[in-house]
1. Of everything in segment 497-530, what is outside any strand (DSSP E or B) and open to solvent by less than 60 Å² (accessible area, probe 1.4 Å)? Give them in sequence order.
2. Checking the condition modelled with pLDDT under 90, assigned to a strand (DSSP E or B) and surrounded by 15 or more Cβ atoms within 10 Å (Cβ to Cβ), which residue from VAL175, VAL192 passes?
3. Does GLU737 qualify as being at pLDDT 95 or above, open to solvent by 40 Å² or more (accessible area, probe 1.4 Å), in a strand (DSSP E or B) and among the acidic types (Asp, Glu)?
4. Report yes if PHE756 is of a type in the set (A, V, I, L, M, F, W, C), without any contact (Cβ under 8 Å) to a residue 12 or more places away in the chain and surrounded by fewer than 21 Cβ atoms within 10 Å (Cβ to Cβ), otherwise no.
5. Looking only at segment 45-63, count every residue that is assigned to a helix (DSSP H, G or I), of a type in the set (Val, Ile, Thr) and over 14 Å from THR84 (Cα atoms) and tell me the total.
6. So is ARG632 open to solvent by 30 Å² or more (accessible area, probe 1.4 Å), among the basic types (Lys, Arg) and modelled with pLDDT under 90 or not?
7. Between a residue in segment 725-736 that is under 11 Å from LEU693 (Cβ atoms) and any residue that is basic (Lys, Arg), which pairs come within a Cβ distance under 9 Å, given they are 6 or more apart or on different chains?
8. Condition test on LYS206, is it open to solvent by 20 Å² or more (accessible area, probe 1.4 Å), touching a Lys or Arg at 6+ places or on another chain (Cβ under 6 Å), within 24 Å of ASP633 (Cα to Cα) and in a strand (DSSP E or B)?
Amino acid sequence: MRLRLGILRGGLFAALILVAAPAASVMAVIGSVSPASAQSAASIEVEGNRRVDADTIRSYFKAGPDGRLDTGRINDALRALYETGLFQDVKIGQRSGHVLVTVVENPVIGRVIFEGNRKVKDEQLSAEVQSKPRGSLSRPLVQSDVQRIADIYHHLGRYDVAVVPQIIDQPNNRVDLVFEITEGSKTGVKDVEFVGNSAFSSYRLKDVIKTRETNLLTFLSSADVYDPDRIEADRDLIRRFYLKNGYADVQVVAALSEYDPERKGFVVTFKIEEGQQYRVASIDIKSNIRALDTGAMRTYLRMSQGSVYNAEALEKSVEDITVEAARRGYAFATVRTQGDRNFEAHTVVITLLVEEGQRIYIERINVRGNTRTRDYVIRREFDVSEGDAYNRALVDRAERRLKNLDYFKSVKVTTEPGSSPDRVIVNTDVEEKSTGDFSVSGGYSTSDGLLAEVSISERNLLGTGLFAKAGVSYGQRSRGYSFSIVEPYLLGYRIAGGLDVYQKQQLPSSYVSYGTKSFGVTPRIGLALREDVSLQLRYSATRTSVNISPQLDNCNNFNPNFITTFPTPAGTPNGLNTSPATTPTVPAFTPQTDCYIDGEASLAVRKELAQGAVWTSAVGYSLTYNTVDNARDPTIGLLAELRQDVAGLGGSVRFLRTSGDVRYYYPVVSDIVAMFHGQAGHIMGLDNNGVRLLDQFQQGPNLVRGFAPAGLGPRDLTIGTSQDALGGRMYWGASLELQMPFWFLPKEVGLKGAVFADAGSLWGWDAGTLVNGPLDAFGRPTRCWTANLECLTPSSNNMVIRSSVGAGLIWTSPFGPLRFDFAVPLSKAAYDRTQFFRFGGGTSF
């Protein structure tokens, strides 16, 4: 702030010089030219002018009604000549009875040069300064340009900037204007403090605001750069957060910013008066429109008696009721809220009053400031158009939608009177911002290994509102490419239409002996049924193939000396048989065949390999309910999703797959959040071939932490094979987790701890066309493939509960979200594969 004041003082001093110079010359004129000797404008003599025509200078002298000049008019002309900025000095005197005007012209600027600027381009600075090449040099204007350049750097967070103008003389009364810039380093926010907060800790409130404190990793972002506009926005975010949580009397009294010269940064302090938390004593709807059924409107209330007062929910209730009233034919209906607070009981009685509003129509909707985005992209966010009834709630909704598009730096919707009292003009002012992203990202996980991805995306393609993204990934065990495009207003309706094209290759690893290669195309449409409920419909066509090492696929011929035949048993133990009993003759299990010596892939895998590439044609939907407060770091709310897909509209496979996922977040005590995660799934074949291996569920740490990828559930136990996981047709999982910050670390580190307990199961492997075989050498049932006279020994197919407990570290880092989990299984099957440590994460840079 001291630097800013210093620049202002310099500008003020220059301005005083500018005012003082004409004043002194005016006094000289008063003393040298008397009214008695005043001449006409035509008789004025001009000297010293080289570029400015003499008649132009004479034109500033305006004669009176009598055609003569008096002292006052001469003084006015003097001021006007100085204000043109063309002259360095103007003197007025007399010679031979005539008025003599002697001028010293300002030099002409030959070049405007910027030196020392690295963070701001010359083009941006040239567009901002008012001193231009081939224009006259004006020292007051140069001082203004110094302030303009400093303001540009201030917006970039560089308050240590110094700008020194230099004037270099050139021949023929020309000069070069040089701005020497010392940019300095970024001026960050060293500390953010809150005063007066007791209901929420400072640690929690730092999550609410966008400003961040400077730390070792903030060079990857600009959130720690001091920005007065962002500080003011944070002030409003804090107020809205308190109002959302029941503090109806909250006031954010001040947001103070103080520059600390020792730390070379700002200390920002928010002063808060919280007040008391209120609950809803009652909430009712009254209507002055007799035909409007208020009982039906109660379904749009987002608060109920006894709930914590929530200003955001109340605002949305008003909006929903207004929209519903308009849908029922009351376009001018308005909804006003009335609140009667009980300061002793800390309750509030809320009444929503629906009444017929003033009949005002929208004369015109102006869209201004959109240099790239098409007009229709902005206008379609309005539920009203020109000529419709004006409804403030619908206009506010449009403004919120425009802000959520993330196409603009700022959005402001205002109104002004129209051509008549019942007309209003709606002005929409926007400021464009960059909507393209180029990302180079990398990550590592214990299942996929190292992974790198290059992607390019555009949220507002060619200003049409289209979203497009293309990416290529390459890693140790996974690689592929993808392309997506989304039209948010398909055929002019508020329905998003998208198309995804992808190819992915998964390589063999220590968890699975086989690799897969898939190519898919998925057209989809999505629509919001409500603000918290969305539906997606999709069709997918996918081509999938399996590949394995030749070493693991060399058991195609059996030695006849090892083969004997047995009738197939009518049933098998452990609930393994999922197909009707069969009675063909099958080979006995022979574990000592020569080709098993060097290892072999599971028979179930080689069966998939023999089928070759398989096409899956499926239609499906996803229904999502989402009330979480923050998509990236939720602390309260519910996120539930139901998915179903039916395969069989063409293609080679037929099945019905259903899965569900529920996550519920709740703040237990200050800054400690409890999360419950439940998930379940089921798949069933729709023909006699059953469900193939690749379509069955494979589960691991995503179901129960402490188990390896594909580490739990039915498994091939055949000796000499890779003993691959067989998957299952059914699964369920439940997790309870407590997340808590490390209070002894700065908030900006972004590190939290977690403790958790998981339980779940995967079972019901579908053997498909594999028939029941004899018992193996250990008395275990087998399933056999009659095509090559070979059998496998599956593990138990019953539901076996797996469980674990553990702890984790969650790091919301500038490199992206990172998570480290340490888990110990409490219950498992003997053939399960465990994994004590799991790591996953990624970054964009």
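The values are calculated or read from the model by the stated rules, or taken from the named source; none is laboratory data. Since the structure is predicted, the reported quantities are computational estimates derived from the model, not experimental observations. Please note: Cβ atoms are built from the backbone with ideal geometry, for glycine as well, and neighbour counts cover all protein chains shown. Accessible surface is based on the protein model in full, side chains and every heavy atom, while ligands, DNA and RNA are left aside. Shrake-Rupley method; radii C 1.70, N 1.55, O 1.52, S 1.80 Å.
1. Of everything in segment 497-530, those that are outside any strand (DSSP E or B) and open to solvent by less than 60 Å² (accessible area, probe 1.4 Å) turn out to be LEU507, SER509, TYR511, VAL512, SER513, TYR514.
2. VAL175
3. Considered against the rule, which asks whether it is at pLDDT 95 or above, open to solvent by 40 Å² or more (accessible area, probe 1.4 Å), in a strand (DSSP E or B) and among the acidic types (Asp, Glu), GLU737 comes out as no.
4. no
5. 0
6. Considered against the rule, which asks whether it is open to solvent by 30 Å² or more (accessible area, probe 1.4 Å), among the basic types (Lys, Arg) and modelled with pLDDT under 90, ARG632 comes out as yes.
7. Once the first residue is under 11 Å from LEU693 (Cβ atoms) and sits in segment 725-736, its partners that are basic (Lys, Arg) give ALA725/ARG715; ALA725/ARG833; LEU726/ARG715.
8. It is false that LYS206 is open to solvent by 20 Å² or more (accessible area, probe 1.4 Å), touching a Lys or Arg at 6+ places or on another chain (Cβ under 6 Å), within 24 Å of ASP633 (Cα to Cα) and in a strand (DSSP E or B).
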